[in-house]
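Trainee: I have a structure here, written as structure tokens, and I will follow up with some questions on it.
The values are calculated or read from the model by the stated rules, or taken from the named source; none is laboratory data. Computed from a prediction, not measured in an experiment: that's the story for all the values here. Don't worry about glycine lacking a Cβ; one is built from the backbone with ideal geometry, like all the others, and counts go over all protein chains shown. We work out accessible area using only protein heavy atoms, side chains counted, and drop any ligands, DNA or RNA first. Shrake-Rupley method; radii C 1.70, N 1.55, O 1.52, S 1.80 Å.
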Amino acid sequence: MGFGTIVRHRLGRLEIPAAELYRALFISLDRLGRQIAGLSDPKRILEIGCGDGALAQRLTTVYPAAEYLGIDPAPTAGRLYRGDPARAQFRCQDTAALVAQQPDPFDLVVVVDVLHHVRATERPALLRHAAGLTAVDGLLLVKEWARDRPVAGRLAYWADRYVTGDREVDFLTEAQLLALLHEQLPQFGVTRHRPVPPWRENILFTLGRTTDSPASAGPPVA
Ligand SMILES: C[S@@+](CC[C@H](N)C(=O)[O-])C[C@H]1O[C@@H](n2cnc3c(N)ncnc32)[C@H](O)[C@@H]1O
């Protein structure tokens, strides 16, 4: 557990505002929630690597009629979620365990700020599981911090390495991310959207199944 996590856990009722403030240094989750809402209209949402539930809070707000399931290997999955408990379910579970349960596919599968916490050797399986859990006409959404600019790249690395406490954190460049998505999910077309504020490092990709066209990532569209 990183020193940031230890400090946060001791903050009591100030923990959520502190966690929100810290995260806002890197990404506006409100803006991300609104951007996602403009892309699809799901009935069932799966978030892989849901963490404490910060994004869950936004997703259940922008999609008031959808069912949400968040999974995370960490036992604290959804710990800070304060939305309607009837609308969201959190499980301490990895993608392999969920796939083994053969749930109905989800209309929207979300993987936000997770891949850089996953070992390079395990990313292909996670992405393939995510794809397998996505409905035929559903959308898979991957948001990552791209380490193309040296200073911003170091900033994110130091934050995750020393504040979050992930010793193996490993950010990819945008080109590496695209290559990974194309390689692992050739049956999906990839669309790159506008960066999520406040950093242009926050790259949002959506992936939808294509029937005949090769996977592609054009210029940002939304
Ligand atoms: C930065 S948090 C993101 C939380 C949430 N998606 C959000 O944006 O608020 C990254 C999460 O990825 C989770 N994670 C790490 N390895 C994972 C894996 N192999 N499968 C799923 N989640 C994983 C971590 O436990 C952590 O909760």
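Trainee: Restricting to segment 183-197, name every residue that is part of a strand (DSSP E or B) and among the polar types (S, T, N, Q).
Mentor: THR191
Trainee: Turning to a different aspect of this structure: From ILE6, ILE71, ILE45, ILE27, grab the single residue that is more than 20 Å from LEU126 (Cα to Cα) and open to solvent by less than 40 Å² (accessible area, probe 1.4 Å).
Mentor: ILE27
Trainee: Right, next: Quick check on this structure: which one of LEU141, LEU155 is closer than 19 Å to LEU55 by Cβ and either of a type outside the set (S, T, N, Q) or without any contact (Cβ under 8 Å) to a residue 40 or more places away in the chain (or both)?
Mentor: LEU141
Trainee: Right, another one. In segment 70-118, which residue that is within 15 Å of the chain's Cα centre (by Cα) and small (Gly, Ala, Ser) is farthest from LEU39 (Cα to Cα)?
Mentor: ALA74
Trainee: Going through segment 153-192 one residue at a time, which ones are in contact with a Ser or Thr (Cβ under 8 Å, 6 or more places away or on another chain) and modelled with pLDDT of 95 or more?
Mentor: Across segment 153-192, the qualifying residues are GLN187, PHE188, GLY189, VAL190, THR191.
Trainee: Condition first: within 15 Å of the ligand (Cβ to nearest atom) and open to solvent by 20 Å² or more (accessible area, probe 1.4 Å). Now tell me which residues in segment 96-113 satisfy that.
Mentor: Within segment 96-113, ALA96, ALA97, VAL99, ALA100, ASP113 qualify.
Trainee: Which is over 19 Å from LEU140 (Cβ atoms), open to solvent by 10 Å² or more (accessible area, probe 1.4 Å) and touching a helix residue (DSSP H, G or I) at 6+ places or on another chain (Cβ under 6 Å), of TYR22, TYR81?
Mentor: Selected residue: TYR81, the only one of TYR22, TYR81 that is over 19 Å from LEU140 (Cβ atoms), open to solvent by 10 Å² or more (accessible area, probe 1.4 Å) and touching a helix residue (DSSP H, G or I) at 6+ places or on another chain (Cβ under 6 Å).
Trainee: Those residues that are at pLDDT 95 or above and either open to solvent by less than 30 Å² (accessible area, probe 1.4 Å) or in contact with a His (Cβ under 9 Å, 6 or more places away or on another chain) (or both), I need them from segment 194-222; list them, please. Outline the logic, then answer.
Mentor: If we filter segment 194-222 for residues that are at pLDDT 95 or above, which is where we start, we get 195-209.
Once the filter is applied, which keeps residues that are at pLDDT 95 or above and either open to solvent by less than 30 Å² (accessible area, probe 1.4 Å) or in contact with a His (Cβ under 9 Å, 6 or more places away or on another chain) (or both), segment 194-222 yields VAL196, GLU201, ASN202, ILE203, LEU204, PHE205, THR206, LEU207, GLY208.
Trainee: Which of (1) of a type outside the set (Phe, Trp, Tyr); (2) within 17 Å of the chain's Cα centre (by Cα); (3) under 27 Å from TYR157 (Cβ atoms) is the odd one out, the single condition LEU21 does not satisfy?
Mentor: For LEU21, the exception is condition (2).
Trainee: Here is a follow-up. Give me the residue from segment 120-159 that is outside any helix (DSSP H, G or I) and near the ligand (Cβ under 8 Å from one of its atoms) and, out of that set, surrounded by the most Cβ atoms within 10 Å (Cβ to Cβ).
Mentor: Step one: of segment 120-159, the residues outside any helix (DSSP H, G or I) are 120-122, 133-149.
With near the ligand (Cβ under 8 Å from one of its atoms) added as a condition, the list becomes 122, 143.
Working: GLU122: 13, LYS143: 23.
The qualifying residue surrounded by the most Cβ atoms within 10 Å (Cβ to Cβ) is LYS143.
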